[in-house]
Amino acid sequence: MKALVYYGPHDIRYEEVPTPQPGPGQVLVRVKAVSICGSDLAGYKAVSAMRKPPLIMGHEFSGQVAALGEGVHGIQPGDRVGVVTNLYCGTCRNCHDGLTNVCDYRYIIGTTMKAGSYNGAMAEYVVAPAEKLMPLPDSVSYEECALVEPLSISLRAVKHAGRLDGKTVAVFGVGPIGLMGVMCLRIFGAARIIAIDVMENRLQMARECGATDVINSNDDVEGIIRKMTDDTGVDVVFDAAGIPQTVNRAIEIARNGGTILMVGMASPTFEIEYKHAVVKELRLQASYMYTSEMREGLQLIIDGKLDVKKMITGRYPLSEGPRIFEELASGKTQDVKVILTND
Ligand SMILES: [Zn+2]
Ligand SMILES: [Zn+2]
């Protein structure tokens, strides 16, 4: 089969590789749509512990069942499916506690974890455990389904905020995760959703996704929010960026006793206004990956509660992958979400 094989920073090649064979309990999925994630791009741009070459990336995808391994029942070749990509062990302490998202022994399709690498969906075919398949109704397209994984990240973070009815929430960074955060905040009843980003096209998209207000990061974000909230600050901040500026701004604009949802992690290490966060008794709540949220996110799409399609700004055949990665890495495009397809 053909696949995009990652060999190291700025080196992805479209080439022939052996087609994987499904083992017992596994299925072979013919990939229909696979989305490029910010984490894939990070691995493309620089050495990342989560992308050890050679590796076929791709953890946001959907497809059609092509072949069944031994002992798989209830699934037919031709079935349209999404795939839950977190392959947790199911027996460790974290898994027992329901924290399958931080299982120490998990594989994630399309990445490298402590347990090892698992080839992903930037290929014609990918192998997945049958129990990880999510049947896809005809009403949901392959492209929409490829966005369920990033949606689940945003959904989990928003669930961490608790009751949102009538609350004011600021969202830093409205790339795919922030935009889906805006959509989820809306569903969960947030009254006012303030999107903050440096790119005007993204702020425009945030409005289309349900943001009630937008602020360009180059403006006086703190001053504008103080005015908007009668000097009290926002109840919740959803930080999809995770850089020194956004985290410290979040601490500044959150109201006393407010919550900061830590989702983005673009900068691994930096200084924060720690004392300021303590004396405001802020709740700094990290949110990582998903547990049950992929299936819940797909259900939201099936129920017509949100429309993830609108953030897809580019569609290309898999064969153009090397060029697309280079273009996205250069930062010159205004793309929000790009999908690679196999026809
Ligand atoms: Zn991702
Ligand atoms: Zn585990």
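Only the coordinates and a few stated rules stand behind these numbers; no lab work does. Just so you know, these numbers come straight off a predicted model, no measurement behind them. Every residue, glycine among them, receives a Cβ derived from its backbone with ideal geometry; neighbour counts consider all protein chains shown.
The slack in the chain from residue 323 to residue 92, taken as 0.36 nm per residue of separation less the alpha-carbon distance, amounts to 79.0 nm. Within the shell of other residues whose beta carbon sits under 14 angstrom from the beta carbon of residue 64, the net charge comes to -2, with Lys and Arg scored +1 and Asp and Glu -1. Ignoring the sites themselves, the chain has its longest run without trypsin sites (Lys or Arg not before Pro) in a DSSP loop having at most 13 other Cβ atoms within 10 Å at 164-304.
For segment 1-45, the square roots a ≥ b ≥ c of the C-alpha gyration tensor eigenvalues yield an a/c of 1.5 or more together with a/b exceeding b/c, which makes the shape prolate.
Principal semi-axes of the equivalent ellipsoid, √(5λ) from the alpha carbon gyration tensor of the chain, are 35, 21, 19 Å from largest down. The slack between residue 67 and residue 309, meaning 0.36 nm per residue of separation minus the straight C-alpha distance, is 84.3 nm. Helix content alone sets the calculated 222 nm mean residue ellipticity of the chain: runs of n ≥ 4 DSSP H residues at -39500 (n - 2.57) each, divided across all residues, give -8000 deg cm²/dmol. Each principal axis of the Cα cloud of segment 212-298 was evaluated for its coordinate range; sorted largest first, these ranges are 39, 31, 26 Å.
When restricted to Cα atoms, segment 152-286 yields an Rg and a Dmax of 13.1, 37 Å, respectively. Ordering 265, 205, 134 from the fewest to the most neighbouring beta carbons within 10 Å gives 265, 134, 205. For the residue pairs 227/337; 2/132; 45/159; 52/132; 159/227, the alpha carbons lie more than 30 Å apart in 227/337; 45/159. Listing 124, 326 from fewest to most neighbouring C-beta atoms within 10 Å gives 326, 124. When only alpha carbons are used to place a centre, segment 136-190 and segment 98-134 end up 22 Å from one another. Got a sec? Charge dipole of the chain, +1 on Cβ for Lys and Arg, -1 for Asp and Glu; which of 34, 193, 322 is way out at the positive end? My answer, from the dipole projection, is 193. For the pair residue 218 and residue 15, label points projected 7 Å from Cα toward Cβ lie 4.3 nm apart. Applying both filters, DSSP loop and at most 11 other Cβ atoms within 10 Å, to the chymotrypsin sites (Phe, Trp or Tyr not before Pro) of segment 1-62 eliminates every site.
Ranking 258, 234, 210 by how far each Cα lies toward the positive end of the dipole of the chain (charges on Cβ) leaves 258 at the top. Take the Cβ atoms of residue 7 and residue 281, set R0 to 41 Å, and the FRET efficiency comes out at 0.25. With neighbour counts taken as other beta-carbon atoms within 10 Å, the residues 88, 290 rank, fewest first, as 88, 290.
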